[in-house]
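K.L.:
First, the structure itself, so that you have it in front of you.
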Amino acid sequence: DEELAAAARDMQDEDSSKQAMERAVALATEILPGCDAAGVCVVYKGQRVDTHATSSNALAEVDSLQHTLQEGPCLDALRQSETVQSDDLSKDERWPKWGPEVADRLGLFSIVSYRLFSTGDNLGALNLYGRSKSAFSTDDVHDGIALAAHVGVDLAGAQQVENLEKALGGRTVIGQATGILMERFDVSADHAFGVLSRLSQRKNVKLRELAAQIVETRTVPKA
């Protein structure tokens, strides 16, 4: 518990949105087996796409390419669905120009794009890329939702676990475990999720399984 408390305090020191986004893209490539690259972008007025954090500089190029071609998962996340997924970008009919370009230029064939927030015509999105086709399992996609909720909470400035759970789409086990950590260490929702993610990495246990263990036992396992 002492190590976890120290980790929670460390997370509080990293309080800028920029650091939170950079931490999230790094976590994505570490805790999600199918994720080889990740980035956070913001779409302004449904057109301009700016990259705010990325695990690879090349991703900024493919983000901006969505604006140039006016097609891509970020734009679809704004217009159509909160979560947009493709198992083979080289053949996805939704993005006949953008998808093959990403596959050819970067060797990335899979993507899951999560809407982080939407205000008017503006959108924040977390994009996870995989080099393999069908790189993301159902569990990966659900764990990505939790990670996206963490980033969205930080960007929106939300500080209560109820907001995190709403972003997760309901009272999920990950949201419940985050609430337990918030109470135990007296930290905000995004910091508590960061502690949960770090512990998941250290123990090499899936985020969902660790959260279920914490909720069931009401105890926090040692790092």
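K.L.:
Given 0.36 nm per residue, what is the gain on full extension from Lys18 to Ala58 after removing their alpha carbon distance, in nm?
P.N.:
Computed gain between Lys18 and Ala58 is 12.6 nm.
K.L.:
What lysines could a cross-link reach from Lys91, if we take a straight Cα to Cα line under 27 Å and drop same-chain neighbours fewer than 8 places away?
P.N.:
Qualifying lysines at Cα under 27 Å: Lys133.
K.L.:
At R0 = 22 Å, how high is the FRET efficiency between Lys133 and Glu30 if r is their beta carbon distance? Nearest 0.05 is fine. Let's see the in-between values first.
P.N.:
Numbers: r = 22 Å, r/R0 = 0.99.
Plugging the Cβ-Cβ distance into 1/(1 + (r/R0)^6) gives 0.50.
K.L.:
Another one. So if R0 is 30 Å, what FRET efficiency would Arg105 and Val141 give, r being the distance between their Cβ atoms, rounded to the nearest 0.05? Don't skip to the end; give the middle numbers.
P.N.:
Numbers: r = 24 Å, r/R0 = 0.81.
Efficiency, from the Cβ-Cβ distance: 0.80.
K.L.:
Would you list which lysines come within 27 Å of Lys222, measuring only between C-alpha atoms, while excluding same-chain residues fewer than 8 positions from it?
P.N.:
Lys203, Lys206
K.L.:
Also: What is the distance, in nm, between label points placed 7 Å from the Cα along the Cα-to-Cβ direction at Thr68 and at Thr217?
P.N.:
Between Thr68 and Thr217, the label points sit 5.2 nm apart.
We did not get these values from a lab; they are worked out from the coordinates using the rules stated. Just so you know, these numbers come straight off a predicted model, no measurement behind them. Cβ: placed from backbone, ideal geometry, glycine included. Neighbour counts: every protein chain shown.
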